[in-house]
Amino acid sequence: MPVSVPDAIVTANRRYWDAWAPGYQREHAPFLAGLRSAWRPDASAPSADPGDLPAAFVWCPEGVDESDARLLGTVAGRDVLEVGAGAAQCSRWLRHEGARVVALDLSVVMLAFAPASLPRVQADAGALPLADSSFDIACSAFGALPFTPHADRVFTEVSRVLRPGGRWVFSVSHPLRWALPDDPGPGGLEITRSYFDRRPYVEFDEDGATDYAEFHRTVGDWVRLLVGTGFRVLDIVEPTWPEDLHAEWGGWSPLRGALVPGTAIFCCETP
């Protein structure tokens, strides 16, 4: 069973995402519902209740949709865990497709945006309060993993709750992006940092405590962590930028997306 991990980063992450949850949903809920034409990624965007929008499973800012990509395989009739679910947009789509789904997130405020009828669990992804071998599939679309210094704990826990032959698919910022400034324009095309510099990006509050943290791992780091916790890596998907997507999201943009990958999606399975 999982061991509780007291960690200042976990506390900081929970505080950050609880505070940012309404703004994040206001800015990005239409895109996460597959509505690119209605998406305006800025703080002045009109409020949108995720529950009132279509159900969709969008993997990344490039707009890769699970309804087309089918990286999870068949989900109907399967037990599926979404890790770092946020407002559970992906879980809603999975349920619509016939899966028995549980949405898990560190932020209770994020989960409050999810439908009350959807099974939700508020917990740290590195200490899952779930039984061994209870899921067929686990997935995470930019959830939990970029924000933890202990990805190995998350992988160990996901492996524990998956049944033999279970599938684990997750998306993160492409490691190459860490060598470039977080700038969607021409300034974001100049290498300003070593790809091998694994120091995290950290923001501090006025008292000097950690307010936000994001962690860099190379492609090799991710693969070694996965293999080291017993996973078999089936594929690493590096989505290309779609021609019909003209908006920018942080460092993701049509300009950068035409030249360098912005997302990596790791497709894995247990033995």
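The values are calculated or read from the model by the stated rules, or taken from the named source; none is laboratory data. Just so it is clear, the structure is predicted and the values come from calculations on it, not from any experiment. Heads up, the Cβs are rebuilt from the backbone with ideal geometry, glycines too, and the neighbour counts pull from every protein chain shown. What goes into the accessible areas is simple: the full protein's heavy atoms, side chains included, and nothing from ligands, DNA or RNA. Shrake-Rupley method; radii C 1.70, N 1.55, O 1.52, S 1.80 Å.
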Find, to one decimal place in angstroms, the Kirkwood hydrodynamic radius of region 202-267, where the mean of 1/r is taken over every pair of different Cα atoms and then inverted. 14.8 Å
Given N residues in region 107-168, what is its alpha carbon radius of gyration divided by 2.2 N^0.38 Å? 1.15
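Grab the Cα-Cα distance for VAL219 and ASP132, subtract it from 0.36 nm times how many residues apart they are, and report the gain in nm with one decimal.
Result: 28.5 nm gained on full extension.
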Antiparallel as a % of all DSSP beta bridges within region 46-169, to the nearest 5? 5 percent
Unit charges at the beta carbon, dipole of the chain: most positive-side option, PHE170, THR74, PHE204: THR74
Tell me, what % of the accessible area of the chain is carbon and sulfur with a 1.4 angstrom probe? 55 percent
For region 180-271, size of Cβ-based charge dipole, Lys and Arg +1, Asp and Glu -1, in debye: 620 debye
Cα-based Rg of the chain per 2.2 N^0.38 Å, rounded to two decimals? 0.95
SER194 to TRP20: extension gain in nm, 0.36 nm per residue of separation minus the Cα-Cα distance? 59.7 nm
Of the beta bridges DSSP finds with both residues in region 136-271, what % are antiparallel, to the nearest 5? 75 percent
Quick one: longest stretch of the chain between exposed loop trypsin sites (Lys or Arg not before Pro), exposed meaning at most 15 other C-beta atoms within 10 Å and loop per DSSP? 71-192
Excluding ligands, DNA and RNA, what is the solvent-accessible area per residue of the chain at a probe of 1.4 Å, expressed in Å²? 44 Å²
For the chain, which span is the longest to avoid every loop-located (per DSSP) member of GluC sites (Glu not before Pro) having at most 11 other Cβ atoms inside 10 Å? 1-189
Could I have the simple spin-label model distance between ASP7 and LEU259, label points 7 Å from Cα toward Cβ, reported in nm to one decimal? 3.5 nm
ALA179/ALA112 FRET efficiency (R0 35 Å; Cβ-Cβ; nearest 0.05): 0.45
